[in-house]
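Trainee: Below are the structure tokens for one structure; questions will follow.
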Amino acid sequence: MQRRCEQRYSVWESVVLTVLGEERAYWPATVVDISRSGYRLLSGVQLEVGTEVIVTLHSVIIFGSIRHCERHDEDSFTAGVQISKVTSEEDQPSDLAAVEALDA
């Protein structure tokens with residue numbers, strides 16, 4: 001049995017997953033549970049540990065990195081993501097500009 005420092009809350013929210021790297025990739029995904037410092041993501045793509053990702057839910061942008069990723073079933077994977085920053089498109093448009101600059 002795992003012991004966690006923080007309470008996890010079950011959710012089932014569809015998000016857009018952005019995988020950062022040399023070539024940015026976008027995937028539909030679902031946040032399954034969330035805590036103050038991380039969340040569990042269900043997606044159709046296997047993600048490498050350490051990969052930097054962004055999930056967008058409505059106007060909320062959550063930056064993070066992959067801590068682990070396992071096969072969930074034949075067509076999907078679950079990944080644990082450590083949150084590094086949470087912001088809003090309206091409040092922090094400069095954050096989005098910084099992410100766009102990574103492609104340049």
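Trainee: Can you order the peptides 68-80, 31-43 by their average number of other Cβ atoms within 10 Å per residue, highest first?
Mentor: Descending mean neighbour count gives 31-43, 68-80.
Trainee: Return the equivalent ellipsoid semi-axes of the range 9-101 as a descending list in whole Å, where each equals the square root of 5 times an eigenvalue of the C-alpha gyration tensor.
Mentor: Whole-Å semi-axes of the equivalent ellipsoid: 21, 15, 12.
Trainee: What spacing in nm lies between the two simple spin-label points modelled at LEU20 and GLU89, each 7 Å away from Cα in the Cβ direction?
Mentor: Result: 1.9 nm between the two label points.
Trainee: Shifting gears a bit: Would you please give the residues with an amide H less than 5 Å from that of VAL32, counting only those at least 5 places away or on a separate chain, with H modeled from the backbone geometry?
Mentor: Excluding prolines and chain starts, which carry no amide H, the hits are ARG40, LEU41, LEU42.
Trainee: Going by amide H atoms built from the backbone, whose H comes under 5 Å of the H on VAL45, apart from near neighbours?
Mentor: Those lying under 5 Å, H to H, from VAL45 are PHE77.
Trainee: Suppose every Lys and Arg Cβ carries +1 and every Asp and Glu Cβ carries -1, with no other charges. What dipole size does the range 9-101 come out with about its Cα centre, to the nearest 20 debye?
Mentor: The calculated dipole for the range 9-101 is roughly 320 debye.
Quick note: the coordinates plus some simple rules give every number you see, no bench work behind them. From a predicted model like this one, the values you see are computed outputs, not experimental measurements. Cβ coordinates were reconstructed from backbone atoms using ideal geometry, including for glycine residues, and neighbour counts include every protein chain displayed.
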